[in-house]
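Before any comments, here is the structure.
The values are calculated or read from the model by the stated rules, or taken from the named source; none is laboratory data. All of these numbers come straight from a predicted model, not from anything done at the bench. Every residue, glycine among them, receives a Cβ derived from its backbone with ideal geometry; neighbour counts consider all protein chains shown. To get the accessible areas, we keep the full protein, side chains included, count just its heavy atoms, and leave off ligands, DNA and RNA. Shrake-Rupley method; radii C 1.70, N 1.55, O 1.52, S 1.80 Å.
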Amino acid sequence: MPLSNQIAHNRIRAIFFLHGAAFSSWVPHIPLVQERLGFGHNDLGAILLAAAIGVLTVMPVAGRLSDKFGSERVARYSGIAYFISVGIPVYMPSFMSMAIAMFAMGFFGAFLDISMNANGLNVERTKKRSVMSGLHGCWSLGGFAGAGTTAAWFALPLPISWHLPVMLSIFLVLHLILQRQLMPDCAVQHDEPEKDGLSSRQQLMFLTLLPFGACAFIGQFGEGVITDWATVLMTTELQSGPTLAAVGFACYSATMAITRLSGDWLVTKFGRAQILLASSACASFGLFVLALSPHYLIAWVGCAVAGVGLATILPLLISAAAQATGKGGGAVVSTIAATGYTALMAGPPIVGAIGEKFGLVSAFVLTASFLALIIPVYMLTMRGRLRVTGNS
């Protein structure tokens, strides 16, 4: 394999890592922002909805721009905006300013997310083997590093207000260095459809990928709920405090990283269908444990189990969708991953509304039940489409 391909692979790994580290550095600040501004669960859910709207706004164009101008270029500039936007919400003084800041975070975060996944598919096609699970594993490693660093920072006698400016400045500098030598889209051959019958081809592609998108939506719904609400649940229901809640999120990030890094090997050994079904069951069980735990130590176990279950769902589905269509990276990601990322951002405000009326425990139990729906979706619609294949 040419050295340039390996360099491009390592660089996109690093971009995934930085994206995860930045996002998980923000997560432990959520209960602190809620307390500072006096938000109830419903108010916090509405604020998180603004981020979801930002994601929905960028989804129709992010994939097209990645395919038109090159995923490597879009990743470069959207990354700069993202690492700046993550640090803004913690300083907002009101509901409206917070909503605007969260919109920007969701917008630029999704822009970078789509483009870096599209670039990862370029690497996968060049190397002719699955790398998406490993790339998402790097994202989770970044999530673990960001959450762990945040927990350590909170435990030390350091001003919490300095945390995000310091960390995000480091991430931004690293991004400016690492975004060079990503895999250019022009180096990868894609299957382009003939102009005749283009509409019918698009409809066929949509119908083919619909079950993949449904499973991605379910899985990412659960991931968004854990990401934005697990620390709040442990802080408010179990009185863990922000430091111990951050440790719980670090447990989730660690098991997710370990599982994703071994995900390509797991798919090769057991097949995509078996891994998808096992992941659904494991994620649902972990959420039940987290929701019903009487102590934060048991909640940590639930976070860890949920991390194992949620780890490979999205990268497995993206890789399978790309193999099924042969489309450009941006087109595939915007079709299949967009549904997942929409759920990632839409799940938290929905849970916030449920939590405001029925309590966070009930909201987490409902989410755990929802995650189990991947199994019937597969049984009813995907048994003939998700072939048991290796990493090719």
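Shape analysis of the stretch 83-166 places it in the oblate category; the axes a ≥ b ≥ c from the Cα gyration tensor give an a/c of at least 1.5, with a/b not above b/c.
Identify which of I80, I218, I114 has the largest mean-square fluctuation in a Gaussian network model of the chain, with springs joining Cα atoms closer than 10 Å. For the chain, modelled as a Gaussian network with Cα springs under 10 Å, the answer is I80. Estimated from helical segments only, the mean residue ellipticity of the chain at 222 nm is -26500 deg cm²/dmol, where each DSSP H run of four or more residues counts as -39500 (n - 2.57).
Taking only protein heavy atoms and a 1.4 Å probe, the accessible area of the chain is 68% carbon and sulfur. Computed over the chain with a Gaussian network model linking Cα atoms closer than 10 Å, the most mobile of L48, L238, L164 is L238. Take the alpha carbon gyration tensor of the stretch 254-374, find the square roots of its eigenvalues, order them as a ≥ b ≥ c, and report rounded if a/c is under 1.5; if not, report prolate when a/b exceeds b/c, else oblate. Oblate is the answer for the stretch 254-374, as a/c is 1.5 or above yet b/c matches or exceeds a/b. Just to confirm my numbers, what's the Cα centroid distance between the stretch 100-128 and the stretch 249-264 in Å? If we compute the Cα centre of each part, the gap is 20 Å. Give me the log10 of I(q) over I(0) for the stretch 6-55 at q = 0.32 Å⁻¹, as the Debye formula computes it from C-alpha points; what are the numbers? Results for the stretch 6-55 at q = 0.32 Å⁻¹ read -1.10.
Using only the alpha-carbon atoms, how far is helix 296-310 inclined from the longest principal axis of the chain? Give it as 0 to 90 degrees, nearest 10. Once rounded, the angle reads 10 degrees. Taking Cα centre as origin and charging only the Cβ of basic (Lys, Arg, +1) and acidic (Asp, Glu, -1) residues, the dipole magnitude of the chain rounds to 940 debye.
Start at zero, step by 5 Å, and the Cα-Cα distances of the stretch 28-109 spread as 3, 15, 23, 23, 14, 9, 7, 4, 1 percent across the bins. Between L292, L156, L314, the GNM of the chain built on Cα springs shorter than 10 angstrom shows L156 fluctuating the most. Helix 272-292 axis versus longest C-alpha principal axis of the chain: approximately 10°, rounded to the nearest ten. Among rounded, prolate and oblate, which fits the chain when a ≥ b ≥ c are the square roots of the eigenvalues of its C-alpha gyration tensor, a/c under 1.5 means rounded, and a/b larger than b/c means prolate? Judged from the Cα gyration tensor, the chain comes out prolate (a/c at least 1.5, a/b above b/c). Remark: the stretch 80-95, residue by residue, has Karplus-estimated 3J(HN,Hα) of 4, 5, 5, 5, 7, 5, 4, x, 6, x, 5, 9, 6, x, 8, 4 Hz, where x stands for each Gly or Pro and the curve is 6.51 cos²θ - 1.76 cosθ + 1.60 at θ = phi - 60°. Computed with a 1.4 Å probe over protein heavy atoms only, the accessible surface of the chain comes to 39 Å² per residue. Computed from Cα atoms, the angle from the helix 360-371 axis to the main principal axis of the chain rounds to 20 degrees. The residues T381, T367, sorted by heavy-atom accessible surface at 1.4 Å with ligands and nucleic acids left out, run T381, T367 from largest to smallest.
Amide H contacts of S240: T235, each under 5 Å away and 5 or more positions distant or on a separate chain (H built 1.01 Å from N in the peptide plane; Pro and chain starts excluded). With 0.36 nm allotted per residue and the present C-alpha distance subtracted, the A155-Q181 stretch has 5.6 nm of extension available. Can you grab the distance from the C-alpha centre of the stretch 26-64 to the C-alpha centre of the stretch 342-358, Å, no decimals? Cα centres, the stretch 26-64 to the stretch 342-358: 10 Å.
Charge dipole of the stretch 2-111 (Cα centre as origin; +1 on each Lys and Arg Cβ, -1 on each Asp and Glu Cβ, all else neutral): 380 debye, rounded to the nearest 20. Taking Lys and Arg as +1 and Asp and Glu as -1, the other residues whose beta-carbon sits under 9 Å from that of N42 total -1.
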